[in-house]
Amino acid sequence: MNYDDFADLYDHQYDIYRDDLHFYAGVAERAGGPVLEVGAGTGRVTAFLARRGVRVVGLEPSARMIERGRARARESGLTLEFVQGEAGTFRLEERFPLIIAPFNSLMHLYTPGEQLAALENLRAHLEPGGQFMFDLYVPRYGEMNTLRHEGETFHAPDGSRTDVFLVQRHDRVRQHVTTEYYADTTAPDGTLRRRHYTLTQRYYTRFEMEWLLRCAGFEPPRVTGSFQGGPLTETSDVMVFQTRAG
C-alpha cells in the first residue's frame with residue numbers, strides 16, 4: 001500500500017478518531033519512554049503522546065505521511081521524531097521498553113513471511129522484557145461490492161464539499177479486504193472532481209495472531225475486546241494485544 005497519494009484523505013478521515021489515544025498514552029507513560037510507534041501515519045497518536053511528555057519515535061514508510069505529520073506538528077508547536085522505514089526491514093541502534101502498533105498497522109503485512117519478519121524485527125528492537133502492544137479490528141464486514149456513503153463529508157473554506165464513497169471486496173482465501181475510495185469534491189460552481197484510492201488490508205483471527213507472536217519469540221499475549229480491557233466477545237469491534245519479548 002502506497003500511502004503517499006492517500007495522505008490527505010487519510011488525515012481528513014481519521015484525525016478525529018480518539019478511541020485508542022488514552023490507552024496508548026497510559027501504557028507509554030507507565031513505560032516511561034522512549035516509545036517506538038509502528039505505522040505512525042501523519043502523527044495522530046505520535047502527537048498525542050508527545051503532548052503528554054513521552055518521547056516517541058514514529059516509524060512510517062510513506063514520505064508524504066511524514067511530511068504532513070511534521071507540518072501539522074509545527075502548527076501545534078510540536079517537533080515530532082519520524083523515521084521512514086518498513087516494519088520488517090528498518091534498523092535502529094536504539095532499543096525500546098515499549099513498541100506500539102496502533103490502528104491496524106500490522107494489517108499491511110500481507111504474507112506469513114512478511115508478518116514473521118516484521119514481528120521478529122520489532123522484538124529485536126525491544127529491551128529485554130520490553131512490551132509490545134497493538135490493536136486490530138475484528139474481521140466483520142458489511143455488504144460487499146456495493147457503493148456506499150458512510151457519512152463522511154468534508155467542507156472546505158472555499159465553499160467546496162468532499163463526499164467519500166467506498167466499495168469493498170473480500171478475498172477470503174488470502175484474508176484480504178480491498179476498499180476502493182472515491183472522493184468527490186464539488187466546487188461552489190457545481191464542478192465535480194473525483195479522486196480514487198485503493199486500500200488493501202490483510203486481516204487476522206485472534207489465534208492466528210497469537211501463534212505468530214509465539215513464533216516470533218513473544219510471550220503469550222493478553223487479548224481484550226476493547227481499549228478499556230473488557231473480554232473479546234462476538235460483539236467486539238477491536239482486538240487489543242499486550243505481550244512482552246520472551
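The values are calculated or read from the model by the stated rules, or taken from the named source; none is laboratory data. These numbers were taken from a predicted model, which means no experiment stands behind them. All Cβ positions, glycine included, derive from the backbone under ideal geometry; neighbour counts span all protein chains shown. What goes into the accessible areas is simple: the full protein's heavy atoms, side chains included, and nothing from ligands, DNA or RNA. Shrake-Rupley method; radii C 1.70, N 1.55, O 1.52, S 1.80 Å.
Computed quantities for the displayed model
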| quantity | calculated |
| --- | --- |
| Residues satisfying the stated conditions in region 119-141, i.e. open to solvent by less than 50 Å² (accessible area, probe 1.4 Å) and part of a loop (DSSP other than H, G, I, E, B) | His125, Val138, Pro139 |
| Region 188-224 - residue that is in a strand (DSSP E or B) and either basic (Lys, Arg) or at positive phi (or both) and, of those, surrounded by the fewest Cβ atoms within 10 Å (Cβ to Cβ) | Arg194 |
| Among the residues listed as Thr153, Thr162, the single one being more than 30 Å from Leu232 (Cα to Cα), in contact (Cβ under 8 Å) with a residue 12 or more places away in the chain and either acidic (Asp, Glu) or open to solvent by less than 50 Å² (accessible area, probe 1.4 Å) (or both) | Thr162 |
| Subset of region 109-118 (residues that are out of contact with any Phe, Trp or Tyr (no Cβ under 9 Å at 6 or more places or on another chain), surrounded by 18 or more Cβ atoms within 10 Å (Cβ to Cβ) and assigned to a helix (DSSP H, G or I)) | Ala118 |
